[in-house]
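Here the structure comes first, spelled out in structure tokens, and everything after it is commentary.
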Amino acid sequence: MTYKLVFMADGAPTAVATDDLAFACANLGLAITGVERRTTLQPCLQGQPKIAGMIGPCYGGEDDGAPVIRYEDAATHAALGA
């Protein structure tokens with residue numbers, strides 16, 4: 001599964017894609033705080049990790065037919081949601 005972490009850098013969203021979310025979070029100084037338990041979300045998002053300081057998990061499209069799980073920092077979320 002592919003995970004995409006999106007941060008605002010120099011005024012533009014910058015994405016880090018990884019197949020190893022725990023490793024990426026450790027390198028970026030982020031903490032996995034639990035798992036998504038809401039059953040009203042798309043099935044691919046249920047049970048996915050939650051990350052402190054990030055909005056997500058969100059559906060980020062597909063890569064070779066597999067869902068991409070996306071996380072955004074607050075600045076990116078605000079900029080893309082405006």
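Please treat every number below as a calculation from the coordinates, not as lab data. None of these values were measured; they are calculated from a predicted model.
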Per-bin percent of Cα-Cα distances, the chain [5 Å]
3, 15, 26, 27, 20, 8, 1, 0
I want to verify a result. In a Gaussian network model of the chain, Cα cutoff 10 Å, which of these has the top mean-square fluctuation: PRO57, PRO67, PRO43?
PRO43
